[in-house]
């Protein structure tokens, strides 16, 4: 009779410790990562979250341009500042996209739009050109076209693991858009 009692007493411990309902250490909601990965909620918008993520990239880029226009930083350091911001957003984006995707259990969740923010910024700051309203608009259009089209090697970059795969295709789309902006400026079409 003691054996069924011992088995019954030990079973709840085993069931509780291995139960799928019990919280997993890695399953805690990564609120900070989700906030940045969704561009502070833009990724949760029901229609075209990638487009709204690109608008977040425009807002961040415009804020940086406004800061630069205060002339606090010497002109010769401005390209380094732009490059540093691009690099920080890209590296940070890989980390938060990776955490958000792992939490969602998806390879590239639609609500993760930090990749669009990063790619859109690359479109504006990689050519290091002076931006006017026409180039802001053209950069947005070019980036969205390349992000949706995914020309070589953007589609292949999506197969990279984790956050790197989420971000890399948008970096490539941003580079294509930056080259387009550079060409238009070089030909003095804007």
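Values as computed for the structure displayed
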item: Test: residue in the range 4-21 that is touching a helix residue (DSSP H, G or I) at 6+ places or on another chain (Cβ under 7 Å), farther than 22 Å from residue 147 by Cβ, modelled with pLDDT under 50 and not in a helix (DSSP H, G or I); result: no
item: Test result for residue 73, surrounded by fewer than 22 Cβ atoms within 10 Å (Cβ to Cβ) and modelled with pLDDT of 95 or more; result: no
item: Selection count where residues are in contact with a helix residue (DSSP H, G or I) (Cβ under 9 Å, 6 or more places away or on another chain), over 24 Å from residue 86 (Cβ atoms) and at pLDDT 95 or above, scope the range 26-63; result: 1
item: Answer from 64, 81 - the residue that is in a helix (DSSP H, G or I) and either buried (at least 21 other Cβ atoms within 10 Å of the Cβ) or within 18 Å of the chain's Cα centre (by Cα) (or both); result: 64
item: Test: residue 172 is without any contact (Cβ under 8 Å) to a residue 24 or more places away in the chain and either more than 23 Å from residue 32 (Cβ to Cβ) or over 16 Å from the mean Cα position of the chain (by Cα) (or both); result: no
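The values are calculated or read from the model by the stated rules, or taken from the named source; none is laboratory data. Nothing here was measured: the structure is a model prediction, and the numbers come from that model. So basically every Cβ, Gly included, is an ideal-geometry build from the backbone, and we count neighbours across all protein chains shown.
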